[in-house]
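Q: Take a look at the following structure, please.
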């Protein structure tokens with residue numbers, strides 16, 4: 001059985017329809033990279049996975065559990081226990097600016113998971129050490145570079161031991177020279193076996209980190225295949241057209 | 001015309017007491033206005049339509065009428081309505097608190113609204129319950145963002161407080177006018193009063209811009 005099972009997802013913003021029956025499966029060792037033209041619903045899909053969006057229909061399962069059961073008019077059912085197993089990192093860091101790095105990492109474990117302060121602190125320092133950020137523990141977000149902020153955001157999500165990580169264009173807001181440090185952190189997580197769903201415009205990175213690349217357009221999966229196949233030998237015309245455009249632009 | 005400031009020394013005690021009175025009721029009005037303003041801002045962002053409209057009407061009324069009219073109304077009309085005797089000091093504190101609450105609530109409201117939706121998303125992604133989100137994430141940021149505005153409200157209130165002299169409160173302005181009448185030297189005495197106001201107001205204004213620069217650097221991460 002698939003680790004993530006998205007079945008018949010329906011998502012609309014007013015009269016604008018993003019998904020009208022979207023299906024996608026993901027295995028427990030997969031790292032799914034979603035690519036496609038802007039506005040095709042990649043980020044929306046991640047937001048739905050995180051429970052940030054109201055879903056008008058369809059279901060999402062995670063592991064052995066029902067996670068989200070979509071229904072019209074804001075009657076969606078969401079299993080909060082399952083939601084806790086999902087972590088997300090956003091494009092614009094979304095660190096809490098009034099808290100230090102340590103404060104950002106410890107807030108959720110201490111205030112909503114009932115973990116002891118000292119315990120959370122030790123765990124946070126361990127994670128920061130691992131990401132080479134130990135000397136930044138008492139800094140405030142405004143004192144960090146974009147790359148450091150994003151790695152702190154990743155560490156903050158990892159504090160809650162997620163079983164699935166979502167990355168929504170996490171390097172898009174970064175200066176080019178800072179992209180690599182964030183991508184390396186994600187590669188390290190990948191090597192440690194973390195299942196991930198990633199939205200990125202960096203095709204080179206997609207090729208490196210993905211086990212499966214999903215090309216979607218207008219709210220539908222057009223083609224899904226391992227990166228070697230999808231980039232090397234795309235089967236669909238639309239995939240080929242898209243790749244020709246983006247790879248050409250990338251040079 | 002000859003200017004003679006030497007007689008001011010003789011009246012320094014009176015001026016000092018006037019200044020203390022001003023500082024006392026402005027200080028009280030600032031504190032009460034902060035609390036009242038915060039409550040009002042909650043009403044202004046409430047989903048309950050009744051609470052929303054009542055608080056909005058209140059705020060717009062106090063922002064849309066002259067402070068002098070509000071002062072007169074509370075000095076002369078409110079005691080009649082309530083059937084109680086109020087000292088001038090009490091009336092001044094009530095009037096200025098009601099007014100500054102309306103102004104302050106707008107600063108809080110703007111600060112609350114300025115917090116990005118992504119901060120709420122982050123809270124959801126971290127599984128923070130609503131209470132934790134409000135107390136540990138949203139409120140601290142809103143208060144930090146409101147500080148520069150709140151401080152400039154204090155400066156305005158301090159200056160506008162001179163209006164209470166019009167209803168016979170013995171504040172700095174009133175004392176100054178009295179002395180001016182007594183000694184028939186309005187230029188010297190009114191200049192002195194202006195300088196005293198400036199000596200308090202100017203450092204406050206400077207503090208506002210300093211705090212503004214520093215806080216915004218922290219808050220806009």
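The values are calculated or read from the model by the stated rules, or taken from the named source; none is laboratory data. Everything quoted here is computed from the prediction, not taken from an experiment. When we count neighbours, we look across all protein chains shown, and the Cβ atoms used for this are built from the backbone with ideal geometry, even at glycine.
Q: Which condition number in (1) within 30 Å of residue B:71 (Cβ to Cβ); (2) at pLDDT 90 or above is the one that residue B:180 fails?
A: Failing condition for residue B:180: (2).
Q: Please verify whether region A:90-100 includes one or more residues that are within 19 Å of the chain's Cα centre (by Cα) and not in a loop (DSSP other than H, G, I, E, B).
A: no
Q: Take region A:102-131 and flag every residue that is outside any helix (DSSP H, G or I) and more than 21 Å from residue A:185 (Cα to Cα).
A: Matches in region A:102-131: A:113, A:114, A:115, A:116.
Q: Filter region B:114-161 down to residues that are under 21 Å from residue B:208 (Cα atoms) and either at the interface with chain A (Cβ under 9 Å from one of its Cβ atoms) or part of a helix (DSSP H, G or I) (or both), then give me how many there are.
A: 23
Q: Is it true that residue A:86 is crowded, with 20+ Cβ neighbours inside 10 Å, within 13 Å of chain B (Cβ to nearest Cβ), on the phi < 0 side of the Ramachandran plot and without any contact (Cβ under 8 Å) to a residue 24 or more places away in the chain?
A: Numbers: crowded, with 20+ Cβ neighbours inside 10 Å: yes; within 13 Å of chain B (Cβ to nearest Cβ): yes; on the phi < 0 side of the Ramachandran plot: yes; without any contact (Cβ under 8 Å) to a residue 24 or more places away in the chain: no.
Spelling it out, it is not the case that residue A:86 is crowded, with 20+ Cβ neighbours inside 10 Å, within 13 Å of chain B (Cβ to nearest Cβ), on the phi < 0 side of the Ramachandran plot and without any contact (Cβ under 8 Å) to a residue 24 or more places away in the chain.
Q: Follow-up. Name the strands (runs of 3 or more DSSP E) wholly within region A:179-251 that hold at least 1 residues that are more than 19 Å from the chain's Cα centre (by Cα)?
A: Per the criteria, A:220-225.
Q: Here is a further query. With respect to residue A:75, determine if the residue is away from chain B (no Cβ under 13 Å) and part of a helix (DSSP H, G or I).
A: So residue A:75 fails the test.
Q: How about region A:54-65: which of its residues are out of contact with any strand residue (DSSP E or B) (no Cβ under 7 Å at 6 or more places or on another chain) and either buried (at least 17 other Cβ atoms within 10 Å of the Cβ) or within 19 Å of residue B:123 (Cα to Cα) (or both)?
A: A:54
Q: Conditions: (1) over 30 Å from residue A:175 (Cα atoms); (2) in contact with a strand residue (DSSP E or B) (Cβ under 6 Å, 6 or more places away or on another chain); (3) surrounded by fewer than 20 Cβ atoms within 10 Å (Cβ to Cβ); (4) within 14 Å of chain B (Cβ to nearest Cβ). Residue A:68 meets all but one. Number of the miss?
A: Residue A:68 satisfies all of (1) over 30 Å from residue A:175 (Cα atoms); (2) in contact with a strand residue (DSSP E or B) (Cβ under 6 Å, 6 or more places away or on another chain); (3) surrounded by fewer than 20 Cβ atoms within 10 Å (Cβ to Cβ); (4) within 14 Å of chain B (Cβ to nearest Cβ) except (3).
Q: So, one more: Would region B:48-58 turn up any residue that is in contact (Cβ under 8 Å) with a residue 24 or more places away in the chain and either more than 15 Å from the chain's Cα centre (by Cα) or assigned to a helix (DSSP H, G or I) (or both)?
A: Checked region B:48-58: at least one residue is in contact (Cβ under 8 Å) with a residue 24 or more places away in the chain and either more than 15 Å from the chain's Cα centre (by Cα) or assigned to a helix (DSSP H, G or I) (or both).
Q: A follow-up question, please. Looking only at region B:104-111, decide whether some residue is modelled with pLDDT under 95, within 14 Å of another protein chain (Cβ to nearest Cβ) and in a helix (DSSP H, G or I).
A: Checked against the condition, which is being modelled with pLDDT under 95, within 14 Å of another protein chain (Cβ to nearest Cβ) and in a helix (DSSP H, G or I), region B:104-111 yields at least one hit.
Q: Let me ask something else. Can you spot a residue in region A:123-139 that is within 19 Å of residue B:122 (Cβ to Cβ), crowded, with 19+ Cβ neighbours inside 10 Å and within 13 Å of another protein chain (Cβ to nearest Cβ)?
A: So far as region A:123-139 goes, no, none of its residues is within 19 Å of residue B:122 (Cβ to Cβ), crowded, with 19+ Cβ neighbours inside 10 Å and within 13 Å of another protein chain (Cβ to nearest Cβ).
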